[in-house]
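Novice: Have a look at this one before I ask anything.
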Amino acid sequence: MNTSLKDKWVFITGASAGFGAEGAVHFAREGAHLVIGARRVDRLEAVAAQCQEAGAASVHFHELDVACTANVNACVAWLKELTPQLDVLVNNAGGAHGTDTVAEGKDADWEAMVQSNFLGLMRVTRACLPLMMENAGSTIINIGSIAGRVAYEGGSVYCGVKAAEKQITQSLRLELNGTGVRVGTLDPGLAETEFSIVRFKGDQSKSDKVYEGLDPLVAEDIAEAMIWMATRPPHVCIDEILIKCTAQAAVHKTHRVTD
Ligand code: NDP
Ligand code: 8X3
């Protein structure tokens with residue numbers, strides 16, 4: 001028996017683009033109440049309109065910068081006024097900044113990656129847990145990455161923070177044992193979103209090269225997995241999922257067709 005998401009409350013961080021935005025629309029199709037956050041409020045507004053059209057029970061958006069504790073706490077305080085109970089939390093906000101080696105790395109890039117992927121996930125989870133603790137069957141989905149499992153050149157900090165995400169997820173799994181609250185990591189490989197545009201600081205041609213000659217994952221593939229994880233019966237916890245496009249056998253082995 002699947003768990004219905006109808007009228008359930010779902011909070012997604014980093015919902016202004018990519019996996020977060022597509023995930024929001026998918027949860028909306030299930031009839032859930034959507035709460036979405038990110039820094040670009042104009043983009044959130046557009047996603048909220050899509051969610052409303054897709055059939056959400058209700059949609060609420062709020063400016064959210066997971067890099068700032070006060071901002072996270074203010075956003076979650078606002079969320080608490082909407083609902084006393086949260087059924088699904090998707091910790092998705094994050095991304096990569098740069099591809100420098102350790103020797104060439106920039107403080108600003110390192111700090112942005114640690115703040116969003118690592119500390120941001122911690123801050124949001126800490127703030128939201130009180131809304132989930134009395135709610136057996138509620139689900140925390142942390143967005144990890146293949147980069148958290150296998151290191152690659154130029155990825156030291158990004159691989160490091162995604163490896164941390166895996167360990168945080170496992171710590172939470174232990175800490176929440178007996179509460180009925182479920183937590184798991186959803187780890188995609190190459191997926192074409194705005195991820196590489198952000199990583200290459202707006203350079204579209206460098207971003208395009210990442211996906212050249214192969215069919216990468218798209219946001220919809222990951223949104224479908226979010227829904228699957230959240231609709232398992234309460235006694236089932238999906239601890240981890242690794243999803244790669246067929247052309248990516250491993251981090252360093254992709255099959256590309258080029259003219
Ligand atoms: P996008 O760049 O398309 O989306 C990233 C989202 O994160 C945006 O909505 C952005 O919103 C938000 N975000 C970034 N920093 C912050 C912040 N400080 N506070 C709040 N929101 C923030 O990339 P993806 O959808 O691909 O990435 C989503 C997640 O998936 C990330 O954690 C990424 O590391 C991970 N991932 C991506 C893969 C890929 O190949 N695409 C593969 C594996 C994992 P805004 O800028 O408006 O704040
Ligand atoms: C994003 C996927 O392979 O670019 O997490 O690190 S990868």
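The values are calculated or read from the model by the stated rules, or taken from the named source; none is laboratory data. On a predicted model such as this, the values are computed, not experimentally measured, just so you know. A quick note on method: Cβ atoms are made from the backbone with ideal geometry, for glycine too, and the neighbour counts reach across all protein chains shown. When the accessible area is computed, the model is the full protein with side chains, heavy atoms only, and any ligands, DNA or RNA have been set aside. Shrake-Rupley method; radii C 1.70, N 1.55, O 1.52, S 1.80 Å.
Novice: Determine the per residue accessible area of the chain with all protein chains present and a 1.4 angstrom probe, expressed in square angstrom.
Specialist: Numbers: 11880 Å² over 259 residues.
Accessible surface, normalised per residue, equals 46 Å².
Novice: Ok, one more. Roughly speaking, to the nearest percent, how much of segment 155-259's 1.4 Å accessible area is carbon and sulfur? Mind dumping the intermediate values first?
Specialist: Values: 2810 of 5290 Å².
Of the solvent-accessible surface of segment 155-259, carbon and sulfur hold 53 percent.
Novice: Taking +1 at the Cβ of each Lys and Arg and -1 at the Cβ of each Asp and Glu, which of ALA223, LEU172, SER207 sits farthest along the dipole of segment 102-259 towards its positive end, judged by Cα position relative to the Cα centre?
Specialist: LEU172
Novice: A further question on this structure: On the protein heavy atoms, probe 1.4 angstrom, tell me the percent of accessible surface of segment 2-44 carried by carbon and sulfur.
Specialist: Values: 650 of 1490 Å².
Exposed carbon and sulfur together represent 44 percent of the surface.
Novice: When only the heavy atoms of the protein chains count and the probe is 1.4 Å, how do TYR152, TYR211 rank by accessible area, highest first?
Specialist: Working: TYR152 55, TYR211 15 Å².
Ranking TYR152, TYR211 by accessible area, largest first, yields TYR152, TYR211.
Novice: I would also like to ask the following. Rounded to the nearest 20 debye, what is the charge dipole size of segment 9-253 about its Cα centre when +1 sits on each Lys and Arg Cβ and -1 on each Asp and Glu Cβ?
Specialist: Working: 20 positive and 30 negative charges, 95 e Å.
I would put it at about 460 debye.
Novice: Given springs between every Cα pair under 10 Å in a Gaussian network model of the chain, which of VAL236, VAL161, VAL25 has the largest fluctuation?
Specialist: VAL236
Novice: Roughly how big is segment 144-257's charge dipole about its Cα centre, with Cβ charges of +1 (Lys, Arg) and -1 (Asp, Glu), in debye to the nearest 20? Please report the intermediate quantities before stating the final value.
Specialist: Values: 13 positive and 15 negative charges, 63 e Å.
It comes to approximately 300 debye.
Novice: Among DSSP beta bridges lying fully in the chain, give the percent that are antiparallel, nearest 5.
Specialist: Numbers: 2 of 31 bridges.
DSSP beta bridges in the chain are roughly 5 percent antiparallel.
Novice: So which of LYS8/LYS201; LYS166/LYS253; LYS6/LYS209; LYS209/LYS244 end up more than 29 Å apart by C-alpha? List each step's numbers first, then the result.
Specialist: Values: LYS8/LYS201 37 Å; LYS166/LYS253 23 Å; LYS6/LYS209 40 Å; LYS209/LYS244 18 Å.
Beyond 29 Å between Cα atoms: LYS8/LYS201; LYS6/LYS209.
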